[in-house]
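Read the structure below first, then the notes.
The values are calculated or read from the model by the stated rules, or taken from the named source; none is laboratory data. Here the structure is a predicted model, which means the values were calculated and not measured. Cβ: placed from backbone, ideal geometry, glycine included. Neighbour counts: every protein chain shown.
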Amino acid sequence: MTHVVLFHSVLGLRQAELDAAERLRGFALKDRIGWSTVATRALDAASELPDDTVLAGMSMGAVVAAGLLPHRPATAGALLLHAIADIPAKVRQGLSIQLHAADPDDFAPPAALPGWLDAATRSGADARVFTYPGAGHFYTDSSLADHHEGAATLTWQRVLEFLEIQPSG
């Protein structure tokens with residue numbers, strides 16, 4: 001079997017990359033290779049990144065990003081978009097984590113969010129939860145029916161502030 005790693009452009013993860021990735025792998029491949037392989041590949045991909053790297057993931061990628069936290073204790077922060085993910089019982093004190101999710105969203109159920117925030121805080125993280133009422137699951141992707149322009153704009157504003165990046169233009 002040929003292994004493929006697909007990296008997106010400076011414009012970020014867009015529909016073109018999602019379509020290409022789906023063509024190359026899809027959920028069937030994830031199911032065939034198993035979660036352990038997905039996690040190992042993510043760990044390998046992140047192994048030589050500097051400590052000031054922020055781990056970010058969208059939907060299933062949020063679970064992958066959070067899964068790297070035990071292996072990267074000095075990481076700068078974590079951004080979880082479009083899905084809730086377990087946070088280790090102990091993380092670096094004050095580790096900044098943001099969770100951005102539609103409200104409601106099956107991948108970040110509103111009833112689960114208070115417990116998630118409590119667990120993240122108990123782990124030592126400085127965690128924040130942002131929900132976006134009326135948005136669909138993948139609301140930041142303008143090519144999908146889930147897209148919600150107002151929620152997407154606010155999410156990216158908050159993400160840029162989290163990263164202390166000033167938008168251009």
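Can you tell me which residue within region 100-123, out of those that are charged (D, E, K, R) and over 16 Å from the mean Cα position of the chain (by Cα), is farthest from LEU81 (Cα to Cα)?
If we take residues in region 100-123 being charged (D, E, K, R) and over 16 Å from the mean Cα position of the chain (by Cα), then ARG122 is farthest from LEU81 (Cα to Cα).
Here are some residues: ARG41, ARG92. Which one is touching a Gly at 6+ places or on another chain (Cβ under 8 Å), over 30 Å from PRO133 (Cβ atoms), at pLDDT 85 or above and surrounded by fewer than 19 Cβ atoms within 10 Å (Cβ to Cβ)?
Result of the check over ARG41, ARG92: ARG92.
When both residues are 6+ apart or on different chains and their Cβ atoms are under 7 Å apart, which pairs have a first residue that lies in region 125-150 and is within 20 Å of GLN15 (Cβ to Cβ), and a second that is modelled with pLDDT of 95 or more and loosely packed, with under 12 Cβ neighbours inside 10 Å?
That search, which allows pairs on different chains as well, returns HIS148/GLY134.
Only residues that are touching a residue at least 40 places away in the same chain (Cβ under 8 Å), part of a strand (DSSP E or B) and within 9 Å of the chain's Cα centre (by Cα): list them for region 79-97, please.
LEU79, LEU81
So which residues in region 7-35 are at pLDDT below 75, surrounded by 12 or more Cβ atoms within 10 Å (Cβ to Cβ) and more than 20 Å from TYR139 (Cα to Cα), if there are any at all?
Within region 7-35, LEU24, ARG25, LEU29, LYS30 meet the criteria.
Could you tell me which residue of region 101-117 is nearest to THR153 (Cα to Cα), considering only residues that are assigned to a helix (DSSP H, G or I) and not hydrophobic (A, V, I, L, M, F, W, C)?
PRO110
Considering (1) in contact (Cβ under 8 Å) with a residue 40 or more places away in the chain; (2) touching a helix residue (DSSP H, G or I) at 6+ places or on another chain (Cβ under 8 Å), say which one GLY67 fails and leave the rest.
With (1) in contact (Cβ under 8 Å) with a residue 40 or more places away in the chain; (2) touching a helix residue (DSSP H, G or I) at 6+ places or on another chain (Cβ under 8 Å) applied to GLY67, the lone miss is (1).
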